Amino acid sequence: SALKPVQTTSKNINSDHAEIEKSSQAVLDYFKGSPAILITTKAELHTYVLNAIEAGYCGIDTETTGLGRINDTIVGTSLYYPGGVECYIPSKHIVHIMEQPYPNQLSYADVGEELQLLVNAKTKMIFANADFDIAMIYKDLNVDFAETCFYDVQVAWRCLKANEPSNKLKDLYVKYVLGGKGNPKKFSDFFSPRLFPYCKPEVAKFYAANDAKITYELYAIPLGTTYWPSNKSTL
């Protein structure tokens, strides 16, 4: 299904365009040097999926038009497997003003067909807020990850440390992977959900692919690191 275009008028077209340009530049500046790759063909995705299957584990994340599980839709999907490079698979990015899809995007059907291979291979899938992503992937891509959801980093930390001040992905990543150093920016620091579909895929990949990567990294931190509470009473 196609995204419903954002309703624009002559009064807000210029301001929207300016916001899109500002957001895009902020992403490029923040993620300067990122190796994230953009997947634009089914053959590229197939190779990536096969590598993830061989690795046995794969972080996954979706970018959507909002948090509504019925009316909102997937704009793109991100993957990361250990030893690989994080990737973004755009599906529904739109050229601003023209209201036409950006070229070289993969259809829901093509993405779903390749992601189904991860399910078939019983690849251990790592999510952040799996409940939402699994629902959206099932609705739009017709792939059911319920049986291959191996780990949800947000649910895990709710169980591991009930008094954690925040269970948001970026907050957990800063605290337990970066040891409290750094401040990875959130979606809202760069984009508004209304305008994200208008972001060029070549720009969106940096933010989106990074989410899949840090999701896996948060799962993979060794329990013996200094960031892991040594006193069980603090859990």
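The values are calculated or read from the model by the stated rules, or taken from the named source; none is laboratory data. Source: prediction; values computed, not measured. Glycine also receives a Cβ, built like all others from the backbone with ideal geometry; neighbour counts cover every protein chain displayed. In case anyone asks, the SASA skips ligands and DNA or RNA and just uses the protein heavy atoms, side chains included. Shrake-Rupley method; radii C 1.70, N 1.55, O 1.52, S 1.80 Å.
Projecting the Cα atoms of MET136, TYR108, THR47 onto the dipole axis of the chain, where Lys and Arg carry +1 and Asp and Glu carry -1 at the beta carbon, places MET136 farthest toward the positive end. Only Lys, Arg, Asp and Glu carry charge here, each on its Cβ (+1 for the first two, -1 for the last two); on that basis the chain has a dipole of about 680 debye about its Cα centre. Amide H contacts for ASP152 (H built 1.01 Å from N in the peptide plane; partners 5 or more residues away or on another chain; cut-off under 5 Å): PHE127. Straightening the chain between VAL85 and ALA18 buys 21.0 nm, computed as 0.36 nm per residue apart minus the Cα-Cα spacing. Evaluated with a Cβ-only charge set (Lys, Arg +1; Asp, Glu -1), the stretch 33-112 carries a dipole of roughly 100 debye about its Cα centre, given to the nearest 20.
Computed in the context of the full set of protein chains, the accessible area of the stretch 93-235 at 1.4 Å probe radius has 53% of its extent on carbon or sulfur. With the convex hull drawn around the C-alpha atoms of the chain, the volume per residue stands at 127 Å³.
Residue separation of ALA135 and LEU195 scaled by 0.36 nm, minus their Cα-Cα distance, works out to 19.3 nm of gained length.
Structure note, pairs LYS22/LYS161; LYS22/LYS168; LYS92/LYS181; LYS32/LYS122; LYS92/LYS161; LYS92/LYS213: Cα-Cα distances above 32 angstrom occur for LYS22/LYS161; LYS92/LYS181; LYS32/LYS122; LYS92/LYS161. Full extension of the segment from ALA121 to ASN167, taken as 0.36 nm per residue of separation minus the current Cα-Cα distance, would add 13.6 nm.
Identify which of THR62, THR41, THR215 has the largest mean-square fluctuation in a Gaussian network model of the chain, with springs joining Cα atoms closer than 10 Å. Highest fluctuation of the listed residues: THR41. I'd like the FRET efficiency for CYS159 and GLU54, computed as 1/(1 + (r/R0)^6) with the beta carbon distance as r and R0 of 35 Å, rounded to 0.05. For CYS159 and GLU54, the calculated efficiency is 0.70. Placing pseudo-labels 7 Å out from each Cα toward the beta carbon at ILE97 and SER188 gives an inter-label distance of 3.1 nm. Taken as Cα centroids, the stretch 93-158 and the stretch 43-91 sit 6 Å apart, rounded to the nearest whole angstrom.
Electrostatic tally near ALA128: other residues with Cβ closer than 13 Å to its Cβ, Lys and Arg +1, Asp and Glu -1, net -3. Each Lys or Arg adds one and each Asp or Glu takes one away; over the other residues whose Cβ falls under 11 Å from the Cβ of SER91, this sums to -2.
For the chain, the longest principal axis of the alpha carbon atoms and the long axis of helix 201-220 meet at an angle near 10°. Based on protein heavy atoms only, the chain ends up with 50 Å² per residue of surface accessible to a 1.4 Å probe.
A simple spin-label model places the labels of LYS32 and ILE70 4.6 nm from each other, with each point 7 Å out along Cα-to-Cβ.
Dipole of the stretch 89-235 computed with +1 at Lys/Arg Cβ and -1 at Asp/Glu Cβ about the Cα centre; of PRO165, ILE97, PRO201, farthest Cα towards the positive end is PRO165.
Working note: Karplus 6.51/-1.76/1.60 with θ = phi - 60° gives the stretch 108-116 the couplings 4, 5, 5, 5, x, 4, 6, 5, 4 Hz, where Gly and Pro are set to x. Rounded to the nearest 5, what % of DSSP beta bridges with both residues in the stretch 1-147 are antiparallel? The answer is about 70 percent antiparallel.
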